[in-house]
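The values are calculated or read from the model by the stated rules, or taken from the named source; none is laboratory data. This one's a predicted model, so the numbers in the text were calculated from it and none came from an experiment. Cβ: placed from backbone, ideal geometry, glycine included. Neighbour counts: every protein chain shown. Surface areas here come from the heavy atoms of the whole protein model, side chains and all, with no ligands, DNA or RNA. Shrake-Rupley method; radii C 1.70, N 1.55, O 1.52, S 1.80 Å.
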Number of protein chains: 2
Amino acid sequence: MSGAALRLRPLGIDTQKEFVVYMRRDCHICRAEGFEAQTRVEVALRKRRIVATVNVIDSELLAPGEASLSASGWPALEAAPGDAVTVSHAPTLDSLSAVRSKIHGHRLDAGALNDIVGDIAKGRYSDLHIAAFLSACAGGRMDLRETIDLTRAMVGAGDRIDWGGWPIADKHCVGGLPGNRTTPIVVAIAASAGLIMPKTSSRAITSAAGTADMMETLTSVDLALPAMRRVVEREGGCFVWGGALTLSPADDVMIRVERPLGLDSDAQLVASVLSKKIAAGATHAVIDIPVGPNAKVRSDKAARSLQSLFEQVAAAHGLQLRVVRTEGVQPVGRGIGPALEAHDVLSVLKRTQDAPSDLRTRSLALAGELLEFCGHSLPGAGAAEALRKLDSGAAWSKFQAICAAQGGLREPDVAPLREPVLADRAGYVSGMDNRRLARVAKLAGAPGAAAAGLELHVRLGDRVEKGTPLFTLHAEAPGELAYAKAYLLSHPVMLLAEQEAP
Amino acid sequence: MSGAALRLRPLGIDTQKEFVVYMRRDCHICRAEGFEAQTRVEVALRKRRIVATVNVIDSELLAPGEASLSASGWPALEAAPGDAVTVSHAPTLDSLSAVRSKIHGHRLDAGALNDIVGDIAKGRYSDLHIAAFLSACAGGRMDLRETIDLTRAMVGAGDRIDWGGWPIADKHCVGGLPGNRTTPIVVAIAASAGLIMPKTSSRAITSAAGTADMMETLTSVDLALPAMRRVVEREGGCFVWGGALTLSPADDVMIRVERPLGLDSDAQLVASVLSKKIAAGATHAVIDIPVGPNAKVRSDKAARSLQSLFEQVAAAHGLQLRVVRTEGVQPVGRGIGPALEAHDVLSVLKRTQDAPSDLRTRSLALAGELLEFCGHSLPGAGAAEALRKLDSGAAWSKFQAICAAQGGLREPDVAPLREPVLADRAGYVSGMDNRRLARVAKLAGAPGAAAAGLELHVRLGDRVEKGTPLFTLHAEAPGELAYAKAYLLSHPVMLLAEQEAP
């Protein structure tokens, strides 16, 4: 079909990743494509093209001959207001027949997985198609070979960094405990010991802060690859937001769809994590699997099975991998929110009196494992070496040097509005709802308001009296503080028991 | 969480069924819910509430304190511009755990299917959730019991009409041949013979015309239940658009998602068709299954298996059902498009010389089956009785009477622009691409422009010379005529062979 040329007018609508094209109901292409859910068209501008879902405009938002794009469509097409795009029907998605074949219970070979993942990375699948693919692969329906091929396809769909050295260290924590910000400390220890650890991190998707959000309160994290390379060459480590790089781009798309479905598939998780690590050029990776009733992995059995899949897929890709299982029952450190978590990280690195010991202990364990594993320390000697690097101030110096190389270290903000939340009776802290705690921090403004969130004053098992502060809300705006408080009225986040736990 | 009150401003954006709420990025609820794909919130107005996906506005489309809804959200909330809606986080979708369980390979019991279908009917599932459910059920993963329970759940999620009589006749054609408009003729014959046949039909989703679109060129089809009841009580039959009634509402939602996925599941098809029939109060239904390389069902084996499932599920619900397999190789009649198909129907009913014989024959076969089956004619005598009703003019009188009761019979429009498409060489018509023919009709403006579409002048096997008109394009606007012609330049819709088929 010959496409229709339409002039772009900005409307400022963000559909959160999925491409949408807005067209008047009376334009030809709209009439021709019909009006079913998820009508897909190809939008082309110069040499770029995206596949977008049609939303129909029945008002004067658009004049005849005009169209618009959702927020993510503009950079994808490198479009500016007034550009004339061509709209035509979407190319046939041949890879969908492989998805249907998987739905019908057949195995997917490497070629089919390449096609599917390639189409996803290019934005050709709607969320609805991705949901179908993820559902067909979940529930243990991906075997080891498919998981290995999926991982390879995900690496192949994006860029892959070559650091020209060996070993290249990396770490990842599976399944979020709020405040579990070991990454900056592990990088500082590892780099101070001479390891190369070019760390890329993500921003929060559903949590109150991602490592990139947290590090952004201290330094610039939005580095392109050449700048990242310069920092790593000089200091051995970095703290970079991975979103600006094109490492396993299909992963970002799939994660956004997987989450609202609540699908927890080991195959998808392993392919997601390892494809990012391999694309980032890692040769050695430590994987932190918190296990606990509040964590993503809830039993030792589940952890063993996940660990085994991690090890086999990593081995197939020549990636050295170690799994460390940690306790996952309550938030780590005191802060939940970018700046508050940064304070915790700084206090561990600076070895202040009140540094949260759980964050310190976890970071040392992971760094020790990495040091041994990468051949820096002898077996059994990694923990002591990590402790030396931290206690000598070498890690803190390295952290400052990396931040300086990234554009300078700054002090994280402190929220202007703070309000303690008190125990309404005496008792022992017997439970914390990690998910609700994260939600309270988000209602208070995190991660958009970097200083917002909450600061915990108690740990599980602590004895409190009536009126003891349980935590303090931090907010930048009165409305957000009020919003967080309103939520707390109907949603308790901590349990107080009358008796101490046995 | 206490909701935020936002004042509604119309934007005129139609997302094709799925509810979307537009909110400024700086409003609290937006910040609190985060920005992942398919963030879902509950929007409430007075006693009504919908679950909607959030799209974020970064422009002056909305002022602070304002929100907007996609087109379908306004009637669902009975909202008017300026109404203040409350937005809060979406209620937990407990039924999603049943979807996940199905993804993991477990059976769904009646209760779980009720919960899922109920949530879908209430608009609580996003397209993405529905895609996951459909994928989990496709590929032969629904057993007979589940298909029966799914059908019951779909009936239960909407209204069910009780006609207070027996038998109540109905018919349905599976899988669209363009122009296969037997329904109005069958209803006219059946009602003229004294059967009760309260027919509800759909509008086009991807085709160039639905039966409701076609009948709307002749009379009013948008009748509410009380008006429909009056027509049926007086005339024994009716031609009503089902969309205004709430019969198996989850079906409409699922069909819209199923289509872009290209999922063809017998279980879903049977539950879809039968839930509509049962909800409409039918006790006897004839199902037309066209079989052919261009039809939905492509082999006799597939037809047998589908027939068996239809029969078993119908039996479980106490619905009498007969399947008629018909040939499905080329369009039926001459017209493709609402008014053009109406002309074909009228010419069969009026017994004009040029009435398309295939449409007449098919209609007689289905009507004859229905007459026998409902106990009106003795076995083997139905076809002759149907023929008598048609040839005596009784069916035509009944058709006119029903249309009069629905508000009057009018002449369908004739398109002002008509242009023949000629054979570019001599040969035998050896193939027709039904899908492309439908697309040409849509490009010419159907079904929105009711008189648009195309009129076939040849049938498979016909001998044509160079310059023989193959079909005539009908359009209401020059742009649409040009658009259809441009498509034809690169997309042949008929094959011409040098030799006659053996």
### Message
Among the residues of segment B:89-105, are any under 12 Å from B:A44 (Cβ atoms) and more than 12 Å from chain A (Cβ to nearest Cβ)?
### Response
yes
### Message
Could you tell me how many of the residues in segment B:1-49 are within 10 Å of another protein chain (Cβ to nearest Cβ), in a loop (DSSP other than H, G, I, E, B) and modelled with pLDDT of 70 or more?
### Response
11
### Query
Before we move on, is A:L108 in contact with an Asp or Glu (Cβ under 9 Å, 6 or more places away or on another chain) and outside any loop (DSSP other than H, G, I, E, B)?
no
#### Entry: segment A:463-487 residues that are within 9 Å of A:A444 (Cα to Cα), paired with ones that are acidic (D, E) (beta carbon under 7 Å, 6 or more apart)
A:L473/A:E419; A:H474/A:E455; A:L481/A:E419
### Message
For segment A:50-72, check the following and say yes or no: at least one residue is part of a helix (DSSP H, G or I) and touching a residue at least 24 places away in the same chain (Cβ under 8 Å).
### Response
no
#### Entry: Of residues in segment B:50-72 being more than 22 Å from B:D127 (Cβ to Cβ) and within 10 Å of chain A (Cβ to nearest Cβ), the one least open to solvent (accessible area, probe 1.4 Å)
B:L62
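Yes/no per residue for (1) among the basic types (K, R); (2) closer than 18 Å to A:L113 by Cβ; (3) surrounded by fewer than 23 Cβ atoms within 10 Å (Cβ to Cβ):
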{"residue": "A:A250", "(1), (2), (3)": "no, yes, no"}
{"residue": "A:R259", "(1), (2), (3)": "yes, no, yes"}
{"residue": "A:A271", "(1), (2), (3)": "no, yes, no"}
{"residue": "A:I287", "(1), (2), (3)": "no, no, no"}
### Query
Somewhere in segment A:405-421, is a residue over 30 Å from A:R234 (Cβ atoms) and without any contact (Cβ under 8 Å) to a residue 40 or more places away in the chain?
no
### Query
On the given criteria, is B:V429 part of a strand (DSSP E or B) and outside the structural domain of B:G179 (by TED's automatic domain parsing)?
yes
### Task
Please find, within segment A:103-119, the residue that is farthest from B:Y125 (Cα to Cα) out of those that are in contact with a helix residue (DSSP H, G or I) (Cβ under 6 Å, 6 or more places away or on another chain) and surrounded by fewer than 24 Cβ atoms within 10 Å (Cβ to Cβ).
A:A110
### Task
For segment B:195-221, enumerate the residues that are among the charged types (D, E, K, R), assigned to a helix (DSSP H, G or I) and touching a helix residue (DSSP H, G or I) at 6+ places or on another chain (Cβ under 6 Å).
B:D213
### Task
Note down all Cβ pairs under 7 Å where the first residue falls in segment A:157-171 and is more than 21 Å from A:T183 (Cα to Cα), the second is assigned to a loop (DSSP other than H, G, I, E, B) and open to solvent by 40 Å² or more (accessible area, probe 1.4 Å), and they're at least six residues apart or on different chains.
A:G158/A:T246; A:D159/A:T246
#### Entry: Criterion (modelled with pLDDT of 90 or more, open to solvent by less than 20 Å² (accessible area, probe 1.4 Å) and touching a Leu at 6+ places or on another chain (Cβ under 9 Å)) met by exactly one of B:A426, B:A452
B:A452
## Note on the structure
For A:T468, the lone unmet condition from (1) more than 14 Å from chain B (Cβ to nearest Cβ); (2) at pLDDT 95 or above; (3) under 24 Å from A:T217 (Cα atoms) is (3)
### Query
For segment A:471-502, how many residues meet the condition of being touching a Pro at 6+ places or on another chain (Cβ under 8 Å) and either of a type in the set (K, R) or more than 14 Å from chain B (Cβ to nearest Cβ) (or both)?
2
### Message
When the residues of segment B:432-449 are narrowed to those that are away from chain A (no Cβ under 13 Å) and crowded, with 17+ Cβ neighbours inside 10 Å, which ends up modelled with the lowest pLDDT?
### Response
B:N434
### Query
Consider A:G123 against the criteria (1) within 14 Å of chain B (Cβ to nearest Cβ); (2) open to solvent by 70 Å² or more (accessible area, probe 1.4 Å): it satisfies all of them except one. Which criterion is unmet?
(2)
### Query
Restricting segment B:83-99 to residues that are open to solvent by 30 Å² or more (accessible area, probe 1.4 Å) and small (G, A, S), which is modelled with the lowest pLDDT?
B:S97
## Note on the structure
Those residues of segment B:343-364 which are open to solvent by less than 50 Å² (accessible area, probe 1.4 Å) and within 21 Å of B:P290 (Cβ to Cβ) amount to B:D344, B:V345, B:V348, B:A355, B:P356, B:D358, B:L359, B:R362, B:S363, B:L364
### Task
Give segment A:313-342 a look and list any residue that's surrounded by 15 or more Cβ atoms within 10 Å (Cβ to Cβ) and in a helix (DSSP H, G or I), or say none.
A:V313, A:A314, A:A316, A:P338, A:A339, A:L340, A:E341, A:A342
### Task
Identify, from the list B:G140, B:G158, the residue that is open to solvent by 10 Å² or more (accessible area, probe 1.4 Å), within 14 Å of chain A (Cβ to nearest Cβ) and assigned to a loop (DSSP other than H, G, I, E, B).
B:G140
#### Entry: Failed item, numbered, when A:Q400 is tested on (1) surrounded by fewer than 22 Cβ atoms within 10 Å (Cβ to Cβ); (2) free of Cβ contacts under 8 Å to residues at least 40 places away in the same chain; (3) out of contact with any helix residue (DSSP H, G or I) (no Cβ under 6 Å at 6 or more places or on another chain); (4) not assigned by TED's automatic domain parsing to the domain that holds A:D213
(4)
### Query
Taking segment A:73-82 only, how many residues are assigned to a helix (DSSP H, G or I) and either surrounded by fewer than 21 Cβ atoms within 10 Å (Cβ to Cβ) or in contact with a Leu (Cβ under 7 Å, 6 or more places away or on another chain) (or both)?
4
### Message
From the list B:G262, B:G281, B:G236, B:G243, exactly one residue is without any contact (Cβ under 8 Å) to a residue 60 or more places away in the chain, of a type outside the set (A, V, I, L, M) and closer than 30 Å to B:W396 by Cβ. Which is it?
### Response
B:G243
### Query
Which is among the charged types (D, E, K, R) and either assigned by TED's automatic domain parsing to the domain that holds A:Q320 or surrounded by 17 or more Cβ atoms within 10 Å (Cβ to Cβ) (or both), of A:K389, A:K466?
A:K389
